[in-house]
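K.L.:
The structure under discussion is supplied below as structure tokens; questions concerning it will follow.
The values are calculated or read from the model by the stated rules, or taken from the named source; none is laboratory data. The model shown is predicted, which means the values in this text are computed figures rather than measured ones. Because the Cβ atoms are built from the backbone with ideal geometry, glycine has one as well, and the counts that use them run over all protein chains shown. Just so you know, the surface numbers come from the protein's heavy atoms only, side chains and all, with ligands and any DNA or RNA stripped out. Shrake-Rupley method; radii C 1.70, N 1.55, O 1.52, S 1.80 Å.
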Amino acid sequence: MRGAGGGARPNVAICLTAPERTRDGERAARRGSTRGYAAHAVRTLRPAGLTGGAMVRRAYTQRSLVEVLLPDGDKLWDPTLRRIDAILDDDDLIDRMAEALAERHPRSRCRGRLGTPAAVVLRLLVLKHLYDWSFDECEREVRGSLVYRAFCRIDGERVPDAKTLIRLAHLLDEAVLKDVLARLVALGRAQHLIRGRRLRVDTTVVETNIHYPTDSTLLADGVRVLTRTLRRLGAPGRERTRSVARRVFEIAQRSRTTGARASQRVRERTKARMTMLYQGLMRITRAVVREAEAAVTQLPPRPRRRVRRLAERLHATLGVVRRVLAQTRARVLHGDTHFPAKVVSVFEPHTEIIRKGKLAKPTEFGRLVMIQEAEAQFITDYQVCERRPSDRALWVPALDRHRALFGHPPQLAVADGGFASRQNERAAQDRGVRHVVLPWQPRARRSRAARAALRWRTGSEGRISALKRCHGLRRCRYRGSIGMQRWVGLGVIANNLTVLGRAGPRAA
């Protein structure tokens, strides 16, 4: 291996016996002046230090010559980004990320090539969600900016490409993100930015990345995915996507003449024709399902890895398409529009239909997310709900989580009318909350303190708006239920880092 200056690097085993010394060297490289960076680069021409394994690195120990060539490089930094950079130097955050990367494979700690350092992965994902970039945009922006290279601890090293970052991001599950969030809460308490004296709770909907669902388009999606998977498996089957597309197009055209503006005769004739089209569409879908079931039974007992993955994907898609057939049959043939557990996407079957009474968007397709905050607009916890629960059922878990984070109940706990009930108010008082403000009483009977608390509660609406506008929580672009957890968690972490960075010397 060659060093940054062209010289040969010593053996990796030299650094494995002194992880603490390497960690101290990383701190010196990060916090020293530009002259200190150069001296450090000359003294430490050896591989990065490792914590728990030879192949999982915490960070690059060597610095590039960027700081030496640009003596006034610090003036290029945004002040908030500079403070976030200092916060992410926390060893507990890097160690938790290194543990997650070490669990990629059973022997990731001791075998394989050197991977992307944990500090680089953490900072790249934080930067991506700070500015709501895609993976390609993140790669391009970091590669072309000296400031972003320094922030991500990459400097003169190669920038990980988008595909590498996608694979590494999949290692961050809910447990890892909750640990990172809890550590940020501890840092906020250490800076006296939050004290846990106040709590406000609210819910919102994070939409999944799907098109507007209709029965015809869902059937067409199912046929297309099943046909494509059968083709990749090499199984025999007819190409029926064109005939499906013609029927879907005609259904969409006919549906325009079923409104109140059309005459009764035209509406009846259109509905009869649409029923025939739906029957033909379901007949084609059932034929494709039978072909897929036959292909699954003909697979060898021990298929190769690629074939096994395709078979698993085919089996999962078959279950979703069968549910789409059942709900289409119930609505079109039997007039049942309240079919239980409706499927609204073949690609994101975990998506739920949520109605929160908004005039601009009465029906949303996604997942319900609970956000709880303390002082200074700092989010202390979040929860992505599996099924659409009542807001009242989320109140007590939020109080328990607040007590677990801060060690004491809040002095003030407030939420909107969806959480209001006598049982929730009594539960908060039993847990030691001094002032509980849940607006189940009439407006005229509220005290001045209650009105002030409700005015403070409205700040949660602004925080949710900032999460959606700045950090991408308007629509999740990750796939699956685990992807939704990752998307929301990284957005919340980016928000808290922004709050900590903007607090600046006041919180120090």
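K.L.:
Using a 1.4 Å probe over the heavy atoms of the protein chains, calculate the carbon and sulfur portion of the accessible area of the chain as a whole percent.
P.N.:
The value for the chain is 50 percent carbon and sulfur by accessible area.
K.L.:
A follow-up question, please. What whole-number value in Å² describes the accessible area per residue of region 364-504 for a 1.4 Å probe?
P.N.:
About 44 Å² of surface per residue is accessible.
K.L.:
Sticking with this one: What is the calculated FRET efficiency for Arg309 to Ala245, with r their C-beta to C-beta distance and R₀ = 22 Å, to the nearest 0.05? Mind showing how you got there, number by number?
P.N.:
Working: r = 28 Å, r/R0 = 1.26.
Once the sixth-power term is evaluated, E becomes 0.20.
K.L.:
Could you go through region 319-335 in sequence order and give the Karplus-derived ³J(HN,Hα) for each residue, using 6.51 cos²θ - 1.76 cosθ + 1.60 with θ = phi - 60°, rounded to whole Hz, and x for Gly and Pro?
P.N.:
Each residue's phi maps through the Karplus curve to give x, 5, 5, 4, 5, 5, 4, 5, 6, 5, 5, 5, 7, 6, 8, 10, x Hz.
K.L.:
State, to one decimal in nm², a quarter of the convex hull surface area for the C-alpha atoms of region 388-508, i.e. the direction-averaged projected area. List each step's numbers first, then the result.
P.N.:
Values: hull surface 37.9 nm².
In nm², the orientation-averaged hull projection of region 388-508 is 9.5.
K.L.:
Calculate the spin-label point distance for Arg474 paired with Arg434, positioning each point 7 Å from the Cα along the beta-carbon direction, and give it in nanometres.
P.N.:
My value for the distance between the label points is 4.1 nm.
K.L.:
Once you put a point 7 Å from the Cα of Ala186 and another 7 Å from the Cα of Thr214, both along the Cβ direction, what distance in nm separates them?
P.N.:
Distance between the two pseudo-spin positions: 5.4 nm.
K.L.:
Between Val180, Val344, Val499, whose Cα lies farthest towards the positive end of the dipole of the chain when Lys and Arg beta carbons carry +1 and Asp and Glu beta carbons carry -1, centred on the Cα centre?
P.N.:
Val344
K.L.:
Once you have the Cα-Cα distance between Arg443 and Arg158, take 0.36 nm times their residue separation minus that, and quote the gain in nm to one decimal.
P.N.:
Separation in residues times 0.36 nm, less the Cα-Cα distance, equals 96.6 nm.
K.L.:
Could you give P(r) for region 115-244, binned at 5 Å from zero, as whole percent values over all Cα-Cα pairs?
P.N.:
2, 8, 12, 12, 11, 12, 12, 11, 9, 6, 3, 2, 1, 0
K.L.:
Please give every one of the lysines within straight-line cross-link reach of Lys356, meaning a C-alpha to C-alpha distance under 19 Å, and leave out same-chain neighbours fewer than 8 residues apart.
P.N.:
Lys342, Lys468
K.L.:
I've got another one for you. If you wrap a convex hull around the Cα atoms of region 60-185, how much volume per residue is inside, in Å³?
P.N.:
Here the figure is 115 Å³ per residue.
K.L.:
Something else: At q = 0.13, 0.20, 0.30 Å⁻¹, what is the log10 ratio I(q)/I(0) for region 339-391, with the Debye formula run over Cα points and no solvent?
P.N.:
Rounded to two decimals, the profile gives -0.43, -0.84, -1.17.
K.L.:
What distance in nm separates the simple spin-label points at Thr275 and Arg111, each placed 7 Å from Cα in the Cβ direction?
P.N.:
6.3
K.L.:
Treating the beta-carbon of each Lys and Arg as +1 and of each Asp and Glu as -1, no other charges, what is the dipole magnitude of the chain about its Cα centre, to the nearest 20 debye?
P.N.:
1720
K.L.:
Where the centre of each part is set by its Cα atoms, how far does region 347-402 sit from region 275-297, in angstrom?
P.N.:
37
K.L.:
Run through region 95-180 and list the trypsin sites (Lys or Arg not before Pro) located in a DSSP loop whose Cβ has at most 12 other Cβ atoms within 10 Å. Before the final figure, lay out each step's value.
P.N.:
Details: sites: Arg96, Arg104, Arg107, Arg109, Arg111, Arg113, Arg123, Lys128, Arg140, Arg143, Arg149, Arg153, Arg158, Lys163, Arg167, Lys178; in loops: Arg104, Arg107, Arg109, Arg111, Arg113, Arg153, Arg158.
Answer by residue number: Arg107, Arg111, Arg113, Arg158.
K.L.:
For region 464-508 and region 90-114, what is the separation of their C-alpha centers, rounded to whole Å?
P.N.:
Using only Cα atoms, the two centres lie 24 Å from each other.
K.L.:
Then there's this: Among the lysines, which fall within straight-line cross-link reach of Lys75, defined as a Cα-Cα distance under 28 Å, with same-chain neighbours fewer than 8 residues apart omitted?
P.N.:
Lys128
K.L.:
As a test of the formula, what do you get for the chain when each DSSP H run with n ≥ 4 contributes -39,500 (n - 2.57) and the sum is divided by the residue count, at 222 nm and rounded to the nearest 500 deg cm²/dmol? Could you put the intermediate results ahead of the total?
P.N.:
Working: 20 runs with 269 residues, N = 508.
Here the helix-only value at 222 nm equals -17000 deg cm²/dmol.
K.L.:
Placing +1 on the Cβ of each Lys and Arg and -1 on the Cβ of each Asp and Glu in region 271-377, which of Leu368, Val324, Gln279 has its Cα farthest towards the positive end of the resulting dipole?
P.N.:
The Cα lying farthest towards the positive end belongs to Gln279.
K.L.:
Once you have the Cα-Cα distance between Ser134 and His334, take 0.36 nm times their residue separation minus that, and quote the gain in nm to one decimal.
P.N.:
Gain on stretching Ser134 to His334: 67.6 nm.
K.L.:
List the aspartates and glutamates whose alpha-carbon lies under 15 Å from that of Lys163, not counting same-chain residues fewer than 8 positions away?
P.N.:
Asp136, Glu137, Glu139
K.L.:
Counting other Cβ atoms within 10 Å of each Cβ, which GluC sites (Glu not before Pro) in region 373-405 have at most 11 and sit in a DSSP loop?
P.N.:
Glu386
K.L.:
Give me the number: length gained by fully extending Ile166 to Arg195, i.e. 0.36 nm times residue separation minus the C-alpha to C-alpha distance, one decimal in nm.
P.N.:
Full extension from Ile166 to Arg195 adds 6.9 nm.
K.L.:
Residues with amide H under 5 Å of Gly156's amide H, sequence separation 5 or more or different chain, H placed in the peptide plane at 1.01 Å from N; which?
P.N.:
Those lying under 5 Å, H to H, from Gly156 are Ser64.
K.L.:
Based on the Cβ-Cβ distance from Glu461 to Glu386, what FRET efficiency comes out when R0 is 22 Å, to the nearest 0.05?
P.N.:
Between Glu461 and Glu386 the formula returns 0.35.
K.L.:
Scattering from the C-alpha atoms of the chain alone, worked out with Debye: what is log10 I(q)/I(0) at q = 0.07 1/Å?
P.N.:
Reported log10 I(q)/I(0), two decimals: -0.53.
K.L.:
Which whole-Hz ³J(HN,Hα) couplings does region 418-434 yield from phi under the Karplus relation 6.51 cos²θ - 1.76 cosθ + 1.60, θ = phi - 60°, glycine and proline marked x?
P.N.:
x, 8, 6, 6, 5, 5, 5, 5, 5, 5, 5, 5, 5, 8, x, 6, 6
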